[in-house]
Amino acid sequence: MLVMVPPLDAKMRRDTLVLVTGTGEHKIEVEVAETPQEKSVGLMFRPSVPANTGMLFPYETAQEVTMWMRNTYVSLDMVFIRADGIVHRIEERTEPFSERVIPSQGPVTAVLELAAGEAARLGLKPGDRVIHPHFGR
């Protein structure tokens, strides 16, 4: 039985970050999942994720981070970001409802979730930069 949980977006802090890619600077409006509850729900139960929006999952210390797609209706691009704001790796087009663990494959201090295909559309790749106060920028 699928249990519906209302999205937390009305409660989450909203912010803007900038992705600096080979195609230029791209502003992304993000919800910031700061509390353990917000992080545990993330983008679950959302029917869509509009272009140029996403969710940022910040962590206080650099660590191996794992994500999954349980109860997530839409495919996502997961961008794993190091403490210096450099994109470590991108897991593109994740599978909705999957319980497969998606690891950062190295220490990161944040994960940015975007709609599937957004990373490619924006030209985002490992080594690109993310500008946001979480990364000291």
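For region 48-63, backbone phi angles converted through the Karplus equation (6.51, -1.76, 1.60; θ = phi - 60°) give residue-by-residue couplings of 6, 10, x, 4, 6, 10, x, 9, 9, 10, x, 10, 5, 10, 5, 7 Hz, Gly and Pro being listed as x. With a Förster radius of 30 Å applied to the beta-carbon distance between residue 62 and residue 121, the computed FRET efficiency rounds to 0.60.
For region 13-135, what is the relative contact order in percent, using Cα pairs closer than 8 Å and at least 6 residues apart in sequence? For region 13-135, the relative contact order is 31 percent. Less than 5 angstrom separates the built amide H of residue 108 from those of 63, 64, 65, all sequence-distant by 5 or more or on a different chain.
Listed by chain and number, the aspartates and glutamates whose C-alpha is less than 18 Å from the C-alpha of residue 125, apart from same-chain residues fewer than 8 away, are 25, 77, 84, 91, 92, 113. Placing +1 on the Cβ of every Lys and Arg and -1 on the Cβ of every Asp and Glu, with no other charges, gives region 13-135 a dipole of roughly 140 debye about its Cα centre. Between residue 84 and residue 34, the FRET efficiency estimated from the beta carbon spacing at R0 = 22 angstrom works out to 0.60. Per residue of the chain, the DSSP helices (runs of n ≥ 4 H) give a summed -39500 (n - 2.57) that works out to -1500 deg cm²/dmol at 222 nm.
Throughout, read-outs are computed from the coordinates displayed, never taken from laboratory work. As the structure is a prediction and not an experimental result, all values here were calculated from the model. Neighbour counts run over all protein chains shown; Cβ positions are idealised from the backbone, glycine included.
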